[in-house]
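The values are calculated or read from the model by the stated rules, or taken from the named source; none is laboratory data. Fair warning: this is a prediction, and the values are worked out from it, not measured in the lab. Please note: Cβ atoms are built from the backbone with ideal geometry, for glycine as well, and neighbour counts cover all protein chains shown. Note: areas computed on protein heavy atoms with side chains; ligands, DNA, RNA excluded. Shrake-Rupley method; radii C 1.70, N 1.55, O 1.52, S 1.80 Å.
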Amino acid sequence: MLLEQVRDDVVRVCRELASSGLVVGTSGNVSGRDGDLVAVSPSGVDYAELTADLVGVHRLDGTPVEAVLRPTSELPLHLGVYAATGAAAIVHTHSVAATTLSTVADELPAIHYQVAMFGGPLAVAPYATYGSDELARTVVTALRDRTACIMASHGAVTTGPDLRSALVGSRYLEWLCEVYLRALAVCQPGARPRNPRLLPAEEIALVASKLAGYGQRAPKPV
């Protein structure tokens with residue numbers, strides 16, 4: 001089976017998204033890239049029933065190579081992001097906080113230093129019909145110099161060098177959106193503070209440099 005490990009990872013990530021509430025039902029989609037091939041979740045399959053053999057493999061031009069089911073309707077988005085970035089994995093969610101924020105803001109600003117993990121404040125891509133080439137273009141634009149973006153009245157996209165990184169990013173992004181929404185709720189007209197406190201660009205750049213070397217893995221037992 002082509003890209004067996006990547007397909008296994010797609011299934012695992014889809015199930016983790018569902019169990020953590022970052023997607024509902026069959027919403028959202030996941031893909032991983034290996035060279036000129038992309039393993040992507042199929043359209044309309046319950047994640048509890050998803051298996052690696054149902055995860056299709058397509059070329060970067062969308063041509064199916066090993067796929068028994070139709071791919072996600074967002075295949076143009078995945079392929080567009082791969083063509084425009086160095087990403088090797090994409091996670092698209094319909095998470096509550098990110099989707100809510102997408103209806104009231106044009107940006108997720110530097111509400112917390114953790115936005116540095118994505119390269120800085122994140123744009124909200126203008127709304128476009130799901131599955132359309134227009135949506136793919138708006139997302140690619142919003143991802144410029146970033147590893148994540150929010151999609152107006154839709155959800156969020158995170159990218160990474162592997163599916164684990166993209167999944168972790170989706171969790172952090174949801175948390176950041178929740179923090180910003182709560183800050184906005186406190187800062188009602190006449191309240192103090194009137195606006196959420198944001199961090200300056202130079203601090204986000206400093207944190208980004210620190211995060212580049214952050215993290216450890218436990219040593220393997222002897």
Matching residues in the range 89-106 - criterion: being open to solvent by 30 Å² or more (accessible area, probe 1.4 Å) and more than 15 Å from the chain's Cα centre (by Cα): Thr100, Thr103, Val104, Asp106
Note down all Cβ pairs under 7 Å where the first residue falls in the range 180-208 and is in a helix (DSSP H, G or I), the second is of a type in the set (Phe, Trp, Tyr), and they're at least six residues apart or on different chains. Glu203/Tyr113; Ile204/Tyr113; Val207/Tyr113
Restricted to the range 42-61, and to residues that are of a type in the set (Gly, Ala, Ser) and open to solvent by 20 Å² or more (accessible area, probe 1.4 Å), which residue is nearest to Gly160 (Cα to Cα)? Ser43
Inside the range 142-179, can you point out the residues that are polar (S, T, N, Q), crowded, with 20+ Cβ neighbours inside 10 Å and not in a loop (DSSP other than H, G, I, E, B)? Thr158, Thr159, Ser170
For the range 133-141, does any single residue satisfy the condition of being in a helix (DSSP H, G or I), within 17 Å of Ser170 (Cβ to Cβ), open to solvent by less than 40 Å² (accessible area, probe 1.4 Å) and in contact (Cβ under 8 Å) with a residue 60 or more places away in the chain? yes
Note on the range 180-195: residues closer than 18 Å to Ala123 by Cβ, surrounded by 16 or more Cβ atoms within 10 Å (Cβ to Cβ) and not aromatic (Phe, Trp, Tyr) are Leu181
